[in-house]
1. For region 522-538, which residues satisfy the criterion of being in a loop (DSSP other than H, G, I, E, B) and surrounded by fewer than 20 Cβ atoms within 10 Å (Cβ to Cβ)?
2. Just to be sure before I move on: is residue 541 touching a Gly at 6+ places or on another chain (Cβ under 8 Å) and surrounded by fewer than 16 Cβ atoms within 10 Å (Cβ to Cβ) in the structure I sent?
3. Identify the residue in region 276-308 that is part of a loop (DSSP other than H, G, I, E, B) and out of contact with any strand residue (DSSP E or B) (no Cβ under 6 Å at 6 or more places or on another chain) and, among all such residues, is surrounded by the fewest Cβ atoms within 10 Å (Cβ to Cβ).
4. Which residues, counting only those in region 244-255, are outside any loop (DSSP other than H, G, I, E, B), more than 16 Å from residue 442 (Cα to Cα) and of a type outside the set (D, E, K, R)?
5. Just to confirm my filter: which helices (runs of 4 or more DSSP H) fall fully inside region 309-404 and include at least 1 residues that are of a type in the set (Lys, Arg) and more than 27 Å from residue 419 (Cβ to Cβ)?
6. Taking the residues in region 505-521 that are modelled with pLDDT of 85 or more and buried (at least 20 other Cβ atoms within 10 Å of the Cβ) as candidates, determine which candidate is farthest from residue 580 (Cα to Cα).
7. Tell me the residue from 500, 554, 485, 491 that is of a type in the set (Asp, Glu) and free of Cβ contacts under 8 Å to residues at least 40 places away in the same chain, please.
Amino acid sequence: MAGWTIRLDGGDAANKPLPDKALIGGKGLSIARMAALGLTVPPAFVITTRACGAYQACGDFPDGLSAEIAEGIAWLEQTTGRRYGAGPSPLLVSVRSGAAISMPGMMDTVLNMGITSETEAALGAECGDPAFARDTHRRFHELYAAIVLKADAGDLSPDGDPADWAAQVERAAGIPIPGDPVDRLHAAVRAVFDSWNARRAKRYRKHHDIPDDLGTAVTIQAMVFGNLGKTSGTGVLFSRNPISGERTPFGEYLACAQGEDVVSGRFTPQPLDAMRARAPGAYTALLEASDTLETAGGDVQDIEFTVQDGTLFLLQSRAAKRAPAAAVRFAVDMVDEGLIDRQTALSRVSADQIRSLLAPRLSEETASAAIVAARGEAACPGIGIGTVVTDTDEAERRAAAGEDIILARATTSPEDLHGMIVARAVVTEQGGATSHAAVVSRALGVPCVVGCGYGAVTALAAETMTVDGSAGAIYQGALPVEDPDEATLSDLRVLTEWADALSPLRVVAPEALDEDGQGDLLDLNRIDGGEDPGRLPALLNGARVATGGALSTDAGIKAALHAGLKVVVGRPRLPLLLAAFNAGKPPEDRETVAVSASA
């Protein structure tokens, strides 16, 4: 398996380097790393991003890939003692996307691959629960229809049988589900490759400046079942709270469920304490694994897991998406704990996160006097004010016309990304703090409230509302807000001190500039084109100190660095310092200017 695929067996952690992330994707690297650490991970192999590139180039599997997939399945069979597409102990697999740069929820996954009428019967006999096997078969039909056949087959009745479900899918798709489990597997791999160029994935990459030519790997992994009885379940654990930044594990658990039930937001999970009550041994093992993974990764971890019959299986671990307040606290705390250095800490906090953290907020007096229209779970802090819109395409159109929009959905899916990007806030009726809406909103820095209850937010359509993502509240009307002061927030003061020492630009508050500096000051607000980063090299020619215009943006700071500017005058200071630091110019190139003690 040295061509298009790689086994993720962990190997010899001391002597064998892990595969390249660019080749096997973040999910594949996560599995390999967890296996190398001796953690309990279902066996898997990965189809590389190189195979994805070849597929995109020719429109089909490259020569040899089908044979290597067969070899990989044979290895999984040997490792698990099970058989793919056959009994008496059937092997079912998941087919998952995994790019080198995390794109949560943007690409496709198919679970329960390998289930057929024959393997359903074998699985039911093996576990003594035919109802579980039948439900697994139904779930396969639903995902295969939606992901592989791109068909809306509607809900498949739990009381139906495979023939009924297959006929319903065929009516919706116009073609049947292939009968051969190998053909189904190949079609699922093609669907995951194709999802790299789905509209939602392209929009996400554009928004986050991710290159389009990276491609996705495809991980094929032996299934474990969180829907197998009362001591089974699935969930997501963050090694620290991704909303507040507190140094306590934060997670959600859904008993008798598969992972898609949690992240889809269709079901509202329980707090992690529910897992401790139902599967105490697995709960203890999960917290121990969380500590191991955070220490090994040097960052806060987002861990997906399944519990099968009381046994913990880890499916993925990655650096957690985090709300702005959490990003700041993580950075400061992890330096204090000796896990990372100051340069790494600053690289993990973006200027946009600080701008979001310093964005206007509600005073306690305003919030206590406001009328609460709905409440839910706080998923991403911040204030969003606008008109409630329940249709994603309408939200995009109205935002493009200059209107402030609150996107309200029963639950979000990857197809809602374009509306989430332009929304002032996102609110949902279903799902928890680890659902799609919550995770993507944190990645975007958009205030978010989830799990408000059926009908609670879509009924607010066309109304003007104020969403407080910190309080988990939706208030009637457009409420007045106030600006926080970066100097009063202790963690921001610490980051500012570090950034002052490490940023390649000197950033000075307006009141701290001395008379000589004021004489040299170039005010871009008074110059035609000063708001355009592309014109800064010419406008800043020979200037040493400047303010205003495009210098309030990351692109403007980067252009100013390339133009040789030494000092920027502006407030708040920390976003400007971080923009300069992350632009990558060494701090020894900075120029020191005389400022007052208040600088």
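1. Quick first cut of region 522-538, residues in a loop (DSSP other than H, G, I, E, B) only: 527-532.
Matches in region 522-538: 527, 528, 529, 531, 532.
2. Numbers: touching a Gly at 6+ places or on another chain (Cβ under 8 Å): no; surrounded by fewer than 16 Cβ atoms within 10 Å (Cβ to Cβ): yes.
Spelling it out, it is not the case that residue 541 is touching a Gly at 6+ places or on another chain (Cβ under 8 Å) and surrounded by fewer than 16 Cβ atoms within 10 Å (Cβ to Cβ).
3. Narrowing region 276-308 to residues part of a loop (DSSP other than H, G, I, E, B): 279, 298-300.
If we keep only those that are out of contact with any strand residue (DSSP E or B) (no Cβ under 6 Å at 6 or more places or on another chain) too, we end up with 298, 300.
Details: 298: 11, 300: 28.
Applying the filter and picking the extreme gives 298.
4. Filtering region 244-255 for residues outside any loop (DSSP other than H, G, I, E, B) gives 250-255.
With more than 16 Å from residue 442 (Cα to Cα) added as a condition, the list becomes 252-255.
Selection gives 253, 254, 255.
5. Numbers: elements: 324-336, 342-347, 351-357, 364-369, 392-400.
By residue number, 324-336, 342-347.
6. In this case the residue turns out to be 508.
7. Values: 500 fails: free of Cβ contacts under 8 Å to residues at least 40 places away in the same chain; 554 fails: free of Cβ contacts under 8 Å to residues at least 40 places away in the same chain; 491 fails: free of Cβ contacts under 8 Å to residues at least 40 places away in the same chain.
Among 500, 554, 485, 491, only 485 is of a type in the set (Asp, Glu) and free of Cβ contacts under 8 Å to residues at least 40 places away in the same chain.
Quick grid of which residues meet (1) surrounded by fewer than 21 Cβ atoms within 10 Å (Cβ to Cβ); (2) modelled with pLDDT of 95 or more; (3) among the charged types (D, E, K, R):
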site	(1), (2), (3)
359	yes, no, no
365	yes, no, yes
395	no, yes, no
405	no, yes, no
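The values are calculated or read from the model by the stated rules, or taken from the named source; none is laboratory data. This structure is a prediction, so every number in the text was calculated from the model and none was measured. We place every Cβ from the backbone using ideal geometry, glycine too, and count neighbours over all the protein chains shown.
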